[in-house]
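S.K.: Here you go, one structure.
The values are calculated or read from the model by the stated rules, or taken from the named source; none is laboratory data. Every value quoted in this text rests on a predicted model; they were computed, and no experiment measured them. Note that each Cβ is placed from the backbone with ideal geometry, even for glycine, and that neighbours are counted across all protein chains shown.
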Amino acid sequence: MKTNIINSPKVIQERKRLDKNNVFKEFVLDESYKNLGKDKTYYLYTYGCQGNESDSEKIRGLLEEMSFTITYDLSKADLILMNTCAIRKNAEDKVFGELGRLKQLKRKNPNLIIGLSGCMAQEESVINKLLTKYQNVDFIFGTHNIDSLPKILYNTMSNIERYVDVLSYEGDIVENIPIVRESNIKAWVPIMYGCDEFCTYCIVPYTRGKERSRLKENIIKEVEGLIKEGYKEITLLGQNVNAYGKDFVGFKYDFGDLLNDLSKLGIERIRFTTNNPKDFDDKQIEAIKNSSNIMPSIHLPVQSGSNKVLHKMNRKYTKEEFISLVDKIYKEIPNVSITTDIIVGFPSETEEDFKETLDLFKRCNFEGAYTFIFSKREGTPAYSYIDESITEEVQYDRLYRLNELVNEGYKRGNLRFKDKIVKVLIEGTSKNQPDTLMGYTENNKLVNIKGDSKYIGKIVNVKIVDAKTWSLDGEIIDDQN
Ligand code: SAH
Ligand code: SF4
Ligand code: F3S
């Protein structure tokens, strides 16, 4: 089959930050694409972070606007799309494994169309591998041109040729892309795209391009719409939400301002992720402290407790600076819960360095963490850092020891609420027990509650009767709903 390469990603280009201002655009769907998916179904895989989940909601919006219907049965799909993640090798291995499995489906149904998008699509090496070894992938687009999906799909379906269109430079900020949201209670609201940090281990600045913030007016309009539709909670998304607005030219408006303005709109709950310690300022702390609808739950990735390792990771803060920020947050925002991300086995990390990470974890009273073994990513500086003293055995041993502490953190965080009355946003029934409701507290603790499904979508007062490591058990105490 012929391959039509419109654009393909180049690492060298992705590393560059062009001095170009943001371009804002409004999405319009070309009339000729509206019936492309009539009587056709799609199956969508989503891997990776909340940013990718949010992108998938746009992909769904676009496909349904083109008259495709979702299916949850892979074997019945006319179109299969994989929205992928490249953060660690195991994330990519999963996708390649699944693509291998799909070869069979394609043999059974030669009309099946398979597409791939997301961060893996932005990798030069992945594109080469897909083009040579995965003939079953029909089209590929990247993180910067989701709005081109209708055109790409149209061309793939009408020309019967493979189609690659992945930009190596940041795309425009496109507003008004249709969205089909997963939940009608909680919504993702991206406020900025990209990342300019270039932590030496991380692929995100290459796959997502430079930092670009959405205009405040568009964010406010989206949140007002969500309130009207009855949404109770929004989560503001960005790889570094604290840097929101730093890219604006000619006017000043930052994350603290945005928090203050959004809080006034009256949505019940506002969350945000991910925070970068470097850009977390006093205005933001004040906003969280003074607004009862901004939740007291902060995810603040530290990555390591050793200054030497932090420096090698290009994290731009010291352990001491991190601790003083955490102390300030605890002092200013009573009742706050802080969680973090940690990487173990980064090249040059000695046993002493690792012990500093353990000590920092205790010192900061984290109530949970996502923990990872360092994974080499092609194209990043740390790809060529070599340290033979860190064997797989050492990596797993450190991860295990860290996780013991992290689990204690989860338990300690949950025990704080035993016998207390907390507000829980009821999201649905528990996966394993259909007669049990589940929801999250303001501090983002999972609670299971025996109760009636009439509470779904409501915020209720709950008395916590038991605290386990991963969840709380509660009883609804007010029945005014
Ligand atoms: N922008 C966010 C993180 C996004 S990636 C931040 O800086 O906080 C989520 C997490 O994945 C990171 O915090 C880091 O802990 C982990 N991670 C990123 N690259 C990794 C790699 N190459 N190997 C292992 N873990 C990695
Ligand atoms: Fe990756 Fe660092 Fe950017 Fe987070 S801040 S996305 S870890 S480069
Ligand atoms: Fe993965 Fe890309 Fe998100 S690499 S974590 S999907 S930004």
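S.K.: So how many residues does the range 19-65 have that are part of a helix (DSSP H, G or I), surrounded by fewer than 18 Cβ atoms within 10 Å (Cβ to Cβ) and either of a type in the set (D, E, K, R) or not assigned by TED's automatic domain parsing to the domain that holds Arg88 (or both)?
M.R.: 3
S.K.: Moving on to the next point. Please give the number of the condition Asn145 fails out of (1) closer than 15 Å to Ile5 by Cβ; (2) surrounded by fewer than 16 Cβ atoms within 10 Å (Cβ to Cβ).
M.R.: (2)
S.K.: Restricting to the range 71-92, count the residues that are among the polar types (S, T, N, Q) and within 16 Å of ligand 3 (Cβ to nearest atom).
M.R.: Qualifying residue count for the region: 3.
S.K.: Could you check the range 172-201 and list, in sequence order, the residues that are within 30 Å of Tyr317 (Cα to Cα) and part of a loop (DSSP other than H, G, I, E, B)?
M.R.: Matches in the range 172-201: Ile191, Gly194, Cys195, Asp196, Glu197, Phe198, Cys199, Thr200, Tyr201.
S.K.: Tally the residues that are of a type outside the set (Val, Ile, Thr) and closer than 16 Å to Asn176 by Cα, restricting the search to the range 8-30.
M.R.: Number satisfying all stated conditions: 6.
S.K.: Of the residues Cys195, Cys199, only one is over 18 Å from Asn52 (Cβ atoms) and either within 16 Å of ligand 2 (Cβ to nearest atom) or of a type in the set (Lys, Arg) (or both); which?
M.R.: Answer to the check: Cys199.
S.K.: Taking the options Glu367, Glu332, name whichever one is under 30 Å from Leu446 (Cα atoms) and either in contact with a strand residue (DSSP E or B) (Cβ under 6 Å, 6 or more places away or on another chain) or modelled with pLDDT under 95 (or both).
M.R.: Answer to the selection: Glu367.
S.K.: If you take the residues in the range 440-463 that are under 21 Å from Phe366 (Cα atoms) and not charged (D, E, K, R), which one is farthest from the chain's Cα centre (by Cα)?
M.R.: Once the filter is applied, the top-ranked residue is Val447.
S.K.: Does Gly230 count as over 23 Å from Tyr440 (Cβ atoms), out of contact with any Asp or Glu (no Cβ under 9 Å at 6 or more places or on another chain) and surrounded by fewer than 21 Cβ atoms within 10 Å (Cβ to Cβ)? Please lay out each step first, then the result.
M.R.: On the way: over 23 Å from Tyr440 (Cβ atoms): no; out of contact with any Asp or Glu (no Cβ under 9 Å at 6 or more places or on another chain): yes; surrounded by fewer than 21 Cβ atoms within 10 Å (Cβ to Cβ): yes.
Against the criterion (over 23 Å from Tyr440 (Cβ atoms), out of contact with any Asp or Glu (no Cβ under 9 Å at 6 or more places or on another chain) and surrounded by fewer than 21 Cβ atoms within 10 Å (Cβ to Cβ)), Gly230 does not qualify.
Okay, residues lined up against (1) within 21 Å of Gly238 (Cα to Cα); (2) in contact with a Phe, Trp or Tyr (Cβ under 7 Å, 6 or more places away or on another chain):
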position: Val302; (1), (2): yes, yes
position: Ser306; (1), (2): no, no
position: Asn314; (1), (2): yes, yes
position: Val326; (1), (2): yes, no
position: Phe354; (1), (2): no, no
position: Ser375; (1), (2): no, no
position: Asp387; (1), (2): no, no
position: Glu393; (1), (2): no, no
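S.K.: Check Leu130 against each of (1) over 21 Å from the mean Cα position of the chain (by Cα); (2) in a loop (DSSP other than H, G, I, E, B); (3) buried (at least 21 other Cβ atoms within 10 Å of the Cβ) and name the one condition it does not meet.
M.R.: (2)
S.K.: From Asp341, Asp359, grab the single residue that is within 16 Å of ligand 2 (Cβ to nearest atom), at pLDDT 95 or above and of a type outside the set (Ser, Thr, Tyr).
M.R.: Step by step, each of Asp341, Asp359 is checked, and only Asp341 is within 16 Å of ligand 2 (Cβ to nearest atom), at pLDDT 95 or above and of a type outside the set (Ser, Thr, Tyr).
S.K.: A follow-up question, please. Out of (1) over 15 Å from Gln122 (Cβ atoms); (2) more than 16 Å from ligand 3 (Cβ to nearest atom), what's the single condition that is false for Pro190?
M.R.: (2)
S.K.: I've got another one for you. Among the residues of the range 331-359, which ones are hydrophobic (A, V, I, L, M, F, W, C) and surrounded by fewer than 19 Cβ atoms within 10 Å (Cβ to Cβ)?
M.R.: Matches in the range 331-359: Leu358 only.
S.K.: Out of the residues in the range 233-251 that are away from ligand 2 (no atom under 16 Å from the Cβ) and closer than 16 Å to Ser213 by Cβ, state the one that is surrounded by the most Cβ atoms within 10 Å (Cβ to Cβ). If you could, list the steps in order and put the result at the bottom.
M.R.: Taking the range 233-251 first, the residues away from ligand 2 (no atom under 16 Å from the Cβ) are 233-235, 245, 248-251.
If we keep only those that are closer than 16 Å to Ser213 by Cβ as well, we get 245, 248-251.
Values: Gly245: 21, Phe248: 15, Val249: 6, Gly250: 5, Phe251: 7.
Ranking the candidates gives Gly245 first.
S.K.: Grab the helices (runs of 4 or more DSSP H) fully contained in the range 207-311, keeping just those with 3 or more residues being among the basic types (Lys, Arg) and more than 16 Å from ligand 1 (Cβ to nearest atom).
M.R.: Passing ranges, in order: 216-228.
S.K.: What are the pairs, 6+ residues apart or on separate chains, where a residue within the range 181-208 that is farther than 30 Å from Tyr385 by Cα and not assigned by TED's automatic domain parsing to the domain that holds Val23 has its Cβ under 9 Å from a residue that is part of a loop (DSSP other than H, G, I, E, B) and within 14 Å of ligand 3 (Cβ to nearest atom)?
M.R.: Listed by first residue and then by second, the contacts come to Pro190/Gly238; Ile191/Gly238; Met192/Glu211; Met192/Gly238; Met192/Gln239; Met192/Asn240.
S.K.: Still on this structure, I have one more. Among the candidates Lys362, Lys319, Lys411, Lys431, single out the residue that is touching a residue at least 40 places away in the same chain (Cβ under 8 Å) and loosely packed, with under 14 Cβ neighbours inside 10 Å.
M.R.: On inspection, the qualifying residue turns out to be Lys362.
S.K.: Residues to consider are Met66, Met120; find the one that is at pLDDT 95 or above and in contact with a Lys or Arg (Cβ under 7 Å, 6 or more places away or on another chain). Can you show your working first?
M.R.: Working: Met120 fails: in contact with a Lys or Arg (Cβ under 7 Å, 6 or more places away or on another chain).
Testing whether each residue is at pLDDT 95 or above and in contact with a Lys or Arg (Cβ under 7 Å, 6 or more places away or on another chain) leaves just Met66.
S.K.: Starting from residues that are outside any helix (DSSP H, G or I) and touching a residue at least 60 places away in the same chain (Cβ under 8 Å), keep the ones in the range 80-119 and report whichever is farthest from ligand 2 (Cβ to nearest atom).
M.R.: Ranking the qualifying residues of the range 80-119, first place goes to Ser117.
S.K.: Related question: Under 6 Å between Cβ atoms, at least 6 apart or on separate chains: pull out the pairs that start in the range 1-24 with a residue that is farther than 23 Å from Glu197 by Cβ and at pLDDT 80 or above and end on any residue that is β-branched (Val, Ile, Thr) and part of a strand (DSSP E or B).
M.R.: Taking only residues 6 or more apart or on different chains, the pairs are Ile5/Val164; Ser8/Val164; Phe24/Ile173.
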